[in-house]
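All remarks here apply to the structure that follows.
The values are calculated or read from the model by the stated rules, or taken from the named source; none is laboratory data. None of the values given here were measured: they were computed from a predicted structure. Positions of Cβ are backbone-derived with ideal geometry, glycine not excepted, and every protein chain shown enters the neighbour counts. Protein only, heavy atoms only, side chains kept; ligands, DNA and RNA dropped before computing areas. Shrake-Rupley method; radii C 1.70, N 1.55, O 1.52, S 1.80 Å.
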Amino acid sequence: MTCETLLRPVAFTGGTLDRADHLRQDEGALAALMAGGQGRLLLLDGIEPRLDGGALVWGDLAQARGAELVFLGLDERGQGAFAPVPPRERSHVGPPSSDLWAAMGSITPGDLATYGLARSLVGWHARHRFCPCCGHATVIAKGGWQRSCTDTACNAHHFPRTDPVVIMSVEHDGDLLLGRQPRFPTHRYSTLAGFVEPGEGLEEAVAREIYEEAGLKVVDVRFVASQPWPFPSSLMLACHARALSREIVMDETELEDARWFSREEVAEAMAARERGADGVAFSAPGKHAVAWHLMDRWLRGF
Ligand SMILES: [Zn+2]
């Protein structure tokens with residue numbers, strides 16, 4: 001399964017910047033990219049890339065005012081694209097701004113991918129100013145793809161992290177398992193999800209999450225698609241699995257409801273989402289969510 005086979009691009013994928021890994025450790029090359037007003041600076045509000053009319057807002061590097069700069073990559077003209085690490089007091093990692101969801105209908109896949117890359121990477125720097133090994137300050141290195149401890153005895157290197165999350169469609173006898181969390185919009189149901197824990201494989205994480213949240217044993221776990229989710233730094237790993245039974249024992253600390261929906265109910269809710277409306281049986285997730293892709297692909301037989 002490759003992303004090319006997906007019928008729609010997954011939101012936050014499809015970046016157009018060349019990450020140019022070979023330049024990250026070449027301080028001379030990075031300095032040349034920044035010199036002479038050549039580089040572009042992604043303007044941020046805190047760690048949030050600024051949007052205007054559904055497009056990212058760029059400035060020049062002088063606007064960084066001495067902030068640490070992360071190198072996002074080279075644009076199609078070969079210019080360096082950078083983002084500033086905001087000062088500590090402006091580094092709060094909160095939910096995404098409402099501007100992002102408002103722009104979802106008009107922003108290009110390339111801009112959305114750059115938004116996600118910058119938010120995740122800048123957010124990581126904002127949360128890793130101190131060394132977890134020894135507590136000394138860290139400084140940016142390798143164009144922002146590393147932080148190094150300033151204590152010479154420690155000398156630890158730290159790298160931007162991505163947290164894997166499994167999200168899964170679960171089928172039994174032609175029906176699909178969906179659940180809702182208390183924080184969801186009214187009537188919304190979606191595929192279940194949870195963080196992969198240390199010491200487990202992808203398939204094990206899927207089986208554990210479904211058992212914990214719905215009390216169901218699953219088999220035939222397979223990977224479907226992935227999505228970077230920059231809130232703050234997840235990688236959604238969308239999978240499909242088959243349940244061995246249909247009696248749900250719900251985890252009421254995680255979910256408000258979980259139930260089986262028929263193929264017809266799911267198809268109707270997805271068609272309603274296409275019109276921007278709620279379905280009869282439930283309200284389907286938006287197209288920016290990988291859950292939408294899972295449900296769409298389940299309806300199409302993957
Ligand atoms: Zn250290």
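Tell me which residues, restricted to the range 278-302, are buried (at least 19 other Cβ atoms within 10 Å of the Cβ) and of a type in the set (A, V, I, L, M). Correct list: A284, A289, V290, A291, L294, M295. The residues on offer are L72, L41, and the sole one that is open to solvent by less than 20 Å² (accessible area, probe 1.4 Å), touching a Pro at 6+ places or on another chain (Cβ under 8 Å) and of a type outside the set (K, R) is L41.
Residues in the range 191-216 that are open to solvent by 20 Å² or more (accessible area, probe 1.4 Å) and either in contact with a Cys (Cβ under 9 Å, 6 or more places away or on another chain) or not charged (D, E, K, R) (or both): 11 in all. Only a single criterion out of (1) under 18 Å from S233 (Cβ atoms); (2) more than 9 Å from the ligand (Cβ to nearest atom); (3) touching a strand residue (DSSP E or B) at 6+ places or on another chain (Cβ under 6 Å) is not satisfied by D111, namely (1). In this structure, S169 does satisfy being in contact (Cβ under 8 Å) with a residue 60 or more places away in the chain and of a type outside the set (D, E). P132 meets each of the listed conditions (1) within 16 Å of the ligand (Cβ to nearest atom); (2) free of Cβ contacts under 8 Å to residues at least 24 places away in the same chain apart from (2). Every listed requirement among (1) within 16 Å of the ligand (Cβ to nearest atom); (2) under 27 Å from R208 (Cβ atoms); (3) surrounded by 17 or more Cβ atoms within 10 Å (Cβ to Cβ) is met by V165 save one, (1). So for the range 255-266 (the condition being assigned to a loop (DSSP other than H, G, I, E, B) and either open to solvent by less than 70 Å² (accessible area, probe 1.4 Å) or without any contact (Cβ under 8 Å) to a residue 60 or more places away in the chain (or both)), does at least one residue qualify? Yes, that holds for at least one residue.
Flag: R246 matches the condition of being assigned to a loop (DSSP other than H, G, I, E, B), open to solvent by 30 Å² or more (accessible area, probe 1.4 Å) and at pLDDT 95 or above. Got a sec? Which of A153, A141 is within 16 Å of the ligand (Cβ to nearest atom) and open to solvent by less than 50 Å² (accessible area, probe 1.4 Å)? None of the other options fit; the residue is A141.
Restricting attention to the range 102-126, the residues that are over 18 Å from A64 (Cβ atoms) and free of Cβ contacts under 8 Å to residues at least 60 places away in the same chain total 7. Of all the criteria given as (1) under 21 Å from G110 (Cα atoms); (2) open to solvent by 70 Å² or more (accessible area, probe 1.4 Å); (3) in contact (Cβ under 8 Å) with a residue 24 or more places away in the chain; (4) under 19 Å from the mean Cα position of the chain (by Cα), the one not satisfied by P95 is (1).
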